[in-house]
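Student: The structure under discussion is supplied below as C-alpha cells; questions concerning it will follow.
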Amino acid sequence: MKRLVFIMLLTVIVTLFAVANSHHVELSFIFGAPVRMRMVFLLAGVFTAGVISTISFQEWRRAHRRRRDALLVKTAQENAAMKKDLLDGVD
C-alpha cells in the first residue's frame, strides 16, 4: 500500500513538473541554427546524459579497481614465493 501511494505521489509530481516546464526554449549551439524545443525535453535529455556519464564513470572506476587489485594479488603471491625460496635456501 505504501508503495502504491509513493508511486502515485511521484507520478503527480512528475506530471506537475512536466506541465510547469512545457514552454518552448531556444537552444543555441556553437554552429548551426538555434533549435526550439520544450523545456521538459531539454531537462530530460540533460538528466539522461548525467545518468549515463555517472554510470560510465562508475564502471570505469570499478574496472580500474579490479585491475589494480589483481596486480596487488599477483605481486603478493610473487613476494610470498620469493620469501619461501629465500627461507628454503637458508636451511
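Student: Condition first: surrounded by 10 or more Cβ atoms within 10 Å (Cβ to Cβ) and either of a type in the set (Asp, Glu) or on the phi > 0 side of the Ramachandran plot (or both). Can you find one or more residues in the stretch 50-62 that meet it?
Tutor: Among the residues of the stretch 50-62, at least one is surrounded by 10 or more Cβ atoms within 10 Å (Cβ to Cβ) and either of a type in the set (Asp, Glu) or on the phi > 0 side of the Ramachandran plot (or both), which makes the answer yes.
Student: Residues Gly50, Gly32, Gly45: which one is free of Cβ contacts under 8 Å to residues at least 24 places away in the same chain and not in a helix (DSSP H, G or I)?
Tutor: None of the other options fit; the residue is Gly32.
Student: Then there is this: Is at least one residue of the stretch 28-36 among the hydrophobic types (A, V, I, L, M, F, W, C) and surrounded by 10 or more Cβ atoms within 10 Å (Cβ to Cβ)?
Tutor: Yes, there is a match, as at least one residue in the stretch 28-36 is among the hydrophobic types (A, V, I, L, M, F, W, C) and surrounded by 10 or more Cβ atoms within 10 Å (Cβ to Cβ).
Student: Something else: Restricting to the stretch 14-29, what's the tally of residues that are in a loop (DSSP other than H, G, I, E, B) and not small (Gly, Ala, Ser)?
Tutor: 3
Student: What is the one condition in (1) at pLDDT below 90; (2) in contact with a strand residue (DSSP E or B) (Cβ under 6 Å, 6 or more places away or on another chain); (3) charged (D, E, K, R) that Asp85 does not satisfy?
Tutor: Asp85 satisfies every listed condition except (2).
The values are calculated or read from the model by the stated rules, or taken from the named source; none is laboratory data. Not measured: the values here are computed from a predicted model. Glycine gets a Cβ as well: all are built from the backbone with ideal geometry, and neighbour counts include every protein chain shown.
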